[in-house]
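Laboratory data are not the source of any read-out in this text; all were calculated from the coordinates shown. Quick caveat: nothing in here was measured; it's all calculated off a predicted structure. Please note: Cβ atoms are built from the backbone with ideal geometry, for glycine as well, and neighbour counts cover all protein chains shown.
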Amino acid sequence: MKTIWFTVLAIACGVGAASAVSDAIAQRRALMKSDGIAAKKLYDMAKGAAPFNLKVAQESLNTMAEAAEKTPLLFPDDSKSGGGTAALPAIWENKADFDARFAKFRKDVATAINATKDEITFKTVAPTVFENCGGCHELYKAKSG
Amino acid sequence: MYRPAWFAAVSIALAMSLAWAISAPRARFTPGQWERLGLTGDAVAGRLVFFEGGCDSCHMKPGQTDPMQLGGGLELKTPFGSFYPPNISSDPSDGIGLWRSVDLANALLAGVSPKAQHYYPALPYPSYRHMDLQDVADLMAFLRTAPAIKGRAPAHSLALPFSIRRGIGFWKLLFLDDHTVASRRNQNPQWRRGEYLVDGPGHCGECHTPRNWMGAMKVQNYLEGVHSGDRKDDVPSLVSGDFATWSREDIVTALTGGFTPVGDVLGGEMTSVVRNLARLPQADREAIAIYLKSSHRRQDHIAAP
């Protein structure tokens with residue numbers, strides 16, 4: 001009887017650990033997805049393809065701030081592959097740089113949130129937010145969309 | 001008198017010399033032929049050709065951010081082994097400082113070095129061979145303005161039989177037939193410009209086309225992407241899939257700043273492609289979009305008799 005319980009417990013732990021890994025991948029993918037949707041809205045407003053809307057700008061920047069806060073915590077050592085991840089091994093080889101880039105991203109988004117009062121202030125500060133995207137994707141994300 | 005051993009030896013010798021002869025590197029131009037074209041290179045125009053071709057994406061020294069630091073040495077991992085693009089800085093001994101325009105023309109258009117050796121098609125001459133000769137002359141003029149950098153890239157590290165350079169001669173016979181040369185007929189100048197950039201210097205197909213077991217582009221699947229099953233190795237189709245939903249405007253936006261219609265940012269190798277294409281005139285990115293969204297692309301007109 002003891003053995004059975006032990007087995008059940010062991011399996012439960014194993015499943016728990018496995019799902020924690022795929023959870024990390026699923027969660028960070030969901031966060032980056034919402035980050036992308038927010039970025040698209042901001043990008044369209046910044047280049048004049050969509051009319052400026054202060055509420056949308058603030059909401060989108062807050063979405064980005066949330067992604068910038070949570071995403072870097074979702075790269076445990078055992079989440080290097082699977083789950084359709086496009087994360088490159090370079091993340092774990094250069095963890096300090098990876099985290100530093102996220103720290104800069106957080107700082108720039110926070111600055112943008114504080115600075116955005118109207119269309120002019122938004123358009124001034126928006127490029128400093130976007131310039132963070134490419135650097136990380138070049139080094140740490142596989143090219144496919 | 002019939003002597004089998006003697007006959008076999010002669011046959012083998014004949015076959016070997018025939019193989020040697022047909023695999024010979026053939027330059028496109030002799031220096032005299034090139035001279036008679038009377039082309040003068042313009043470094044300012046050549047700067048744009050440089051970014052159309054994205055020379056720096058492979059030849060920039062790893063760890064550099066200045067595209068003019070062309071010391072080479074980046075490792076390109078392939079199923080055949082590792083290629084290390086050479087130093088193409090203006091250094092006379094380690095780089096290409098002593099090259100004439102005809103040398104660059106033969107390298108890019110025929111995959112043949114000044115020492116009459118084959119280049120591996122890791123140098124994308126299957127695409128570059130569509131380049132205009134004036135563009136090649138301009139590019140040479142521009143490359144001469146790059147600073148000289150000492151040091152050579154490591155030698156390529158390839159498995160047998162790919163390490164036998166002469167074998168490329170057979171590869172060229174098999175895969176560089178004239179059927180893949182674009183026709184450029186019956187279309188407006190913008191479309192032709194787009195076709196030129198995509199199929200020629202831009203060499204988009206080199207990554208966006210699946211390859212056969214010998215590493216040649218499957219021309220019938222031109223630009224259809226690579227679908228390996230592992231998302232990290234996949235290359236998106238430029239014909240169907242998500243790309244089919246992209247507008248011309250979406251393509252121009254993506255090639256200018258990297259932003260895709262879903263708010264993603266092009267990453268990996270595409271980052272340097274975008275960085276280079278962003279330096280071209282807006283009209284060139286529009287021409288690429290017009291060509292990519294048209295239904296008269298290369299795979300259509302190569303099928304025509």
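Treat each spin label as a single point 7 Å out from the Cα along the C-beta direction, and report the B:S228 to B:Q64 distance in nm.
The two pseudo-label positions are separated by 2.7 nm.
Would you calculate the volume per residue, in Å³, of the smallest convex hull containing every Cα atom of the stretch B:1-78?
Cα-based convex hull of the stretch B:1-78, divided per residue, equals 191 Å³.
Please work out the FRET efficiency for the pair B:S82 and A:Q58, using the Cβ-Cβ distance as r and a Förster radius of 56 Å; give the result to the nearest 0.05.
Computed FRET efficiency for B:S82 and A:Q58: 0.70.
Quote the relative contact order of chain B in percent (integer), defining contacts as alpha-carbon pairs under 8 Å separated by 6+ residues.
Relative contact order, chain B: 18 percent.
With each label point set 7 Å from Cα along the Cα-Cβ vector, what nm distance links B:S272 and A:D118?
Calculated label separation equals 4.5 nm.
Quick one: putting +1 on the C-beta of Lys and Arg, -1 on the C-beta of Asp and Glu, what dipole do you get for the stretch B:1-128 around its Cα centre, in Debye to the nearest 20?
580
Can you pull the Rg over Rh of chain B, Cα-only, Kirkwood? Can you show the working numbers first?
Details: Rg = 20.7 Å, Rh = 20.7 Å.
Rounded to two decimals, Rg over Rh is 1.00.
Would you kindly work out the equivalent ellipsoid of the protein assembly as shown from its C-alpha gyration tensor and give its semi-axes, the square roots of five times the eigenvalues, largest first in whole Å? Each step should come with its number before you reach the end.
Values: eigenvalues 394, 185, 92 Å².
Semi-axes, largest first: 44, 30, 21 Å.
For the stretch A:55-136, what is the Kirkwood estimate of the hydrodynamic radius, computed as the reciprocal of the mean inverse distance between distinct Cα atoms, to one decimal in Å? Kindly include the intermediate steps, with their values, before the conclusion.
Values: mean 1/r = 0.0720 Å⁻¹.
For the stretch A:55-136, inverting the mean 1/r across all distinct Cα pairs yields 13.9 Å.
Could you pull the Rg and Dmax for the stretch B:66-203, using just the Cα atoms, both in Å?
16.0, 48
If you place +1 on the Cβ of every Lys and Arg and -1 on the Cβ of every Asp and Glu, how big does the dipole about the Cα centre of the protein assembly as shown come out, in debye to the nearest 20?
740
For the stretch B:114-213, which chymotrypsin sites (Phe, Trp or Tyr not before Pro) are both in a DSSP coil and crowded by at most 11 other Cβ atoms within 10 Å?
On the way: sites: B:Y119, B:Y128, B:F142, B:F162, B:F170, B:W171, B:F175, B:W191, B:Y196, B:W213; in loops: B:Y119, B:F162, B:W213.
Answer in residue order: B:W213.
Give the average, rounded to an integer, of partner chain Cβ atoms located within 10 angstrom of each Cβ in A:82-89.
Mean inter-chain Cβ contacts per residue within 10 Å come to 3.
Using only helices, what value at 222 nm comes out for chain B when you add -39,500 (n - 2.57) per DSSP H run of length 4 or more and divide by the total residues, to the nearest 500 deg cm²/dmol?
It comes out at -11500 deg cm²/dmol, rounded to the nearest 500.
When Cβ neighbours within 10 Å are restricted to other protein chains, what is their mean count per residue of peptide B:152-163?
0
Quote the relative contact order of the stretch B:238-286 in percent (integer), defining contacts as alpha-carbon pairs under 8 Å separated by 6+ residues. Spell out each step's value before the answer.
Details: 37 pairs, mean separation 16.5, N = 49.
Value for the stretch B:238-286: 34 percent.
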